[in-house]
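Here is the structure we will look at, set down as structure tokens.
Read-outs: derived from the displayed coordinates by stated rules, not from any lab. Not measured: the values here are computed from a predicted model. Reconstructed Cβ throughout: ideal geometry from the backbone, glycine too, with neighbour counts over all protein chains shown.
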Amino acid sequence: MAWGTIVFIVIYAFAVTFMLAGISAAPWVQTRKKERDTLAGLLSLRPGDTVYDLGCGDGAVLYDLAGRFPDVKFAGFEVSLLPYVLAKLRGLFAGRRGANVRILLRDLYAQDLHDAAAVFVFLMPKCYGRLQKKFAAELCPDSTVVIEVWPFAGITPVRHVKESKRVSLFVYRGEQFRS
Ligand SMILES: C[S@@+](CC[C@H](N)C(=O)[O-])C[C@H]1O[C@@H](n2cnc3c(N)ncnc32)[C@H](O)[C@@H]1O
């Protein structure tokens, strides 16, 4: 196969998966350092806990948290090839600091969440209905869900953090999705 064809196919695959991710749940936008700092302060994690980032982008959140919680397991799911490859590269450069992070090319809805101590979500509200059903079926009652920017309609968060020049973070418990 000619190089031109290979390059075309690769660019096409990156563009199509980027577009499909935007349609599915959200386009890739990275959580800023400021919000990552706030998020880390909201999580109360024990050694051996598992944390998921649903739609992990380039892994910025996961690798940041992994540096702060070295005894916790982190996993992220991503369907868009560009951020997925960047997340994998980030892992290569993170060395031992990223040893507790897994990045999977996987639809976020395909991941079972029963073992999650915490789940981080920075997605568009259009996918919240499906997400809430998934949370109701799979999350442990005492698990933590942190949502960036847009809260779930009809569920009062146990905490809402809005600091100056930062976007909102909303904290929920797994049990809140069961009623
Ligand atoms: C707003 S970005 C957030 C990225 C990362 N969580 C962060 O906060 O920096 C949403 C990500 O979800 C990904 N995404 C969208 N639909 C998805 C799906 N069905 N399964 C997995 N990832 C998905 C997008 O490609 C994008 O990278």
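Where does each of F93, F74, F152 land when they are ranked from fewest to most other beta-carbon atoms within 10 angstrom?
Working: F93 9, F74 26, F152 20.
Sorted ascending by nearby Cβ count, the order is F93, F152, F74.
Determine, for D115, D49, the number of other Cβ atoms within 10 Å of each Cβ, and report the residues in order from fewest to most. If you can, show how the numbers build up before the last one.
Numbers: D115 13, D49 19.
So the residues, fewest neighbours to most, are D115, D49.
Provide the net charge surrounding N100, with neighbours chosen by a C-beta distance below 12 Å and charges set as Lys +1, Arg +1, Asp -1, Glu -1. Walk me through the numbers on the way to the answer.
Working: positive: R68, K73, R96, R97, R102; negative: D49, D71.
Taking every other residue near N100 into account, the sum is +3.
Size of the chain along its principal axes in angstrom, Cα-based, largest extent first?
56, 36, 34
Enumerate the calculated ³J(HN,Hα) couplings along the range 29-45 in order (Karplus 6.51 cos²θ - 1.76 cosθ + 1.60, θ = phi - 60°), each rounded to whole Hz, writing x wherever the residue is Gly or Pro.
Those phi angles translate into 9, 7, 5, 6, 4, 4, 6, 5, 5, 5, 4, 4, x, 8, 8, 10, 10 Hz.
Could you calculate the FRET efficiency of L105 with A137 from 1/(1 + (r/R0)^6), where r is the beta carbon distance between them and R0 is 30 Å, rounded to 0.05? Write out the running numbers ahead of the final one.
Details: r = 24 Å, r/R0 = 0.79.
My answer for the efficiency is 0.80.
What is the set of long-range amide H partners of G76 at a cut-off below 5 Å, with H atoms built 1.01 Å from backbone N?
D53, R102, I103, L104
Residue by residue through the range 100-112, what is 3J(HN,Hα) from phi via Karplus (6.51 cos²θ - 1.76 cosθ + 1.60, θ = phi - 60°)? Round to whole Hz and write x for glycine and proline.
Those phi angles translate into 9, 10, 10, 10, 10, 7, 8, 5, 4, 6, 7, 8, 6 Hz.
Structure shown: which of K126/K162; K88/K133; K34/K88; K34/K73 lie over 26 Å apart, alpha-carbon to alpha-carbon? Provide the component values of the computation, followed by the final result.
Values: K126/K162 22 Å; K88/K133 30 Å; K34/K88 23 Å; K34/K73 22 Å.
Listed pairs above 26 Å: K88/K133.
Normalised by the empirical 2.2 N^0.38 Å for globular proteins, what value does the Cα Rg of the range 69-151 take? Mind showing how you got there, number by number?
On the way: Rg = 13.7 Å, N = 83, 2.2 N^0.38 = 11.8 Å.
Compactness ratio reported: 1.17.
Could you grab the relative contact order for the range 3-177? Cα pairs under 8 Å, six or more apart, rounded to a whole percent. Please report the intermediate quantities before stating the final value.
Details: 309 pairs, mean separation 34.1, N = 175.
Relative contact order comes out at 20 percent.
What do you get for the angle between helix 128-138 and the principal long axis of the chain? Use alpha-carbon atoms, 0 to 90 degrees, nearest ten.
That helix lies at roughly 70 degrees to the long axis.
Can you grab the distance from the C-alpha centre of the range 86-101 to the C-alpha centre of the range 1-48, Å, no decimals?
A separation of 15 Å, based on Cα centres.
Going by C-beta contacts inside 10 Å, put D107, D58 in order with the fewest on the left.
Values: D107 15, D58 22.
Lowest count first: D107, D58.
P(r) of the range 133-179 in 5 Å steps, Cα pairs, percent per bin?
5, 22, 30, 23, 11, 6, 2, 0
Where the convex hull is taken over the Cα atoms of the range 3-53, what is its projected area averaged over directions, in nm²? Don't jump to the answer; show the numbers that get you there.
Working: hull surface 24.1 nm².
Computing the convex hull of the Cα atoms and averaging its projections yields 6.0 nm².
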